[in-house]
Amino acid sequence: MTPVCRCAWAQGDPVMEAYHDAEWGVPVRDPRLLWEMLVLEGFQAGLSWRTILHRRDGFRRAFDGFDPEVIAAYGTDKVEALMQDEGIIRARAKIEATIGNARAYLRMREEGRNFAEFIWSFVDGKTQVNDGTIIPASTHTSAALSKALKVEGFKFVGPTIAYAFMQAVGMVDDHEPGCFRRA
């Protein structure tokens, strides 16, 4: 059996390999799933994606399946409970940002704005295929997305987080040359 050639960052960890092989870089058009991925990328700030990915089930449990309507209603008791939950990253600012981000997401929806269309408008609705050899931490596009998200009231959405999000949800293809997932 010939070994699968995949991006170097995904090798050696079965969870990372599965994520790379099935999810990373696959275009996501579902507004709620895009919001979930944005929240998870925000929790990654200062940490590795591996740390977040290994706790994703814990996040989904703790944050009620990433239901923005439920999360938007969280109060101080829920924040305190989340601060005690060892299945997630217990960072108060990130937890509070998640609640605020749920409210921002819902406000956009109530205004009749589709979160997926908003997100994908930054790449004209099409995946940008890069060369896969030079992978930036951020780009002009991720900076523009970051700025627009902040205007909407989102937090933990800086240009670097925005670029990692863009990679994760398939807005950009940064698979390495030779990777079986390369476009």
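Some values worked out for this structure:
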quantity	calculated
Accessible area of E152 in the full protein assembly, 1.4 Å probe (Å², nearest 10)	30 Å²
Label-reachable residues, the range 33-57, where backbone N falls under 20 Å from a point 7 Å from V79's Cα toward its Cβ	39-40, 42-45
Inter-label distance, nm, simple model (7 Å from Cα along the C-beta direction), V151/D57	4.1 nm
Calculated FRET efficiency for the pair V4/D30, C-beta based, R₀ 25 Å, to 0.05	0.40
Where I134, I119, I89 fall by accessible area, highest first, once all protein chains stay in place (1.4 Å)	I134, I89, I119
Part-to-part distance (alpha-carbon centres) for the range 124-139 and the range 1-22, which is given in Å	20 Å
Global form of the range 79-183, assessed from the alpha-carbon gyration tensor, a/c cut-off 1.5	oblate
Surface accessible to a 1.4 Å probe, W120 within the full protein complex, Å²	10 Å²
Projected label distance in nm at E69 and F118, using a 7 Å step from Cα toward the beta-carbon	1.8 nm
Hypothetical label at A144: residues of the range 152-177 whose amide nitrogen lies under 20 Å (7 Å Cα-Cβ projection)	152-154, 157-174
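The values are calculated or read from the model by the stated rules, or taken from the named source; none is laboratory data. Computed from a predicted model, the values in this text were never measured in an experiment. Backbone-built Cβ (ideal geometry, glycine too); neighbour counts: all protein chains shown. When the accessible area is computed, the model is the full protein with side chains, heavy atoms only, and any ligands, DNA or RNA have been set aside. Shrake-Rupley method; radii C 1.70, N 1.55, O 1.52, S 1.80 Å.
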